[in-house]
Amino acid sequence: MQNEDGSWRIRTYYELNELIENADTVRFIKSRRIAWLGHVMRMDDRRTPKRILQWKPIGTRTRGRPRKRWIVDIEEDI
């Protein structure tokens, strides 16, 4: 949300609750992520978001636990 001077500020919990009409916040966020995935999947293959979603990195991995990818979160939500 932007202030009058053009700077951005974080919305309060009460403002967010009013926007989503008192729905469960976590469920709302999960449903929006799934909706965004559907939007990206319908995109043309040349579009940047679709290419990033389908990208498979090559090369060696760093040591340690692999970083969690966005698509893994979506699969857990479903």
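Quick look at the values:
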| quantity | calculated |
| --- | --- |
| Evaluation of Trp36 against (1) surrounded by 12 or more Cβ atoms within 10 Å (Cβ to Cβ); (2) modelled with pLDDT under 90 (one fails), failing number | (2) |
| Counted residues, the stretch 14-33 - those being among the hydroxyl-bearing types (Ser, Thr, Tyr) and at pLDDT 85 or above | 2 |
| Looking only at the stretch 39-78, and only at residues there that are touching a residue at least 40 places away in the same chain (Cβ under 8 Å) and not charged (D, E, K, R), the one that is surrounded by the most Cβ atoms within 10 Å (Cβ to Cβ) | Ile74 |
| Every residue from the stretch 12-55 that is among the charged types (D, E, K, R) and either under 18 Å from the mean Cα position of the chain (by Cα) or under 20 Å from Glu76 (Cβ atoms) (or both) | Asp24, Arg27, Lys30, Arg32, Arg33, Arg42, Arg47, Lys50, Arg51 |
| Scan of the stretch 19-58 for residues that are outside any helix (DSSP H, G or I) and in contact with a Pro (Cβ under 8 Å, 6 or more places away or on another chain), ordered by number | Met43 |
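The values are calculated or read from the model by the stated rules, or taken from the named source; none is laboratory data. It should be emphasised that the depicted structure is a prediction, and the values quoted were computed from it without experimental measurement. Methodologically, a virtual Cβ is constructed for each residue, glycine included, from the backbone with ideal geometry; neighbour enumeration extends over all protein chains shown.
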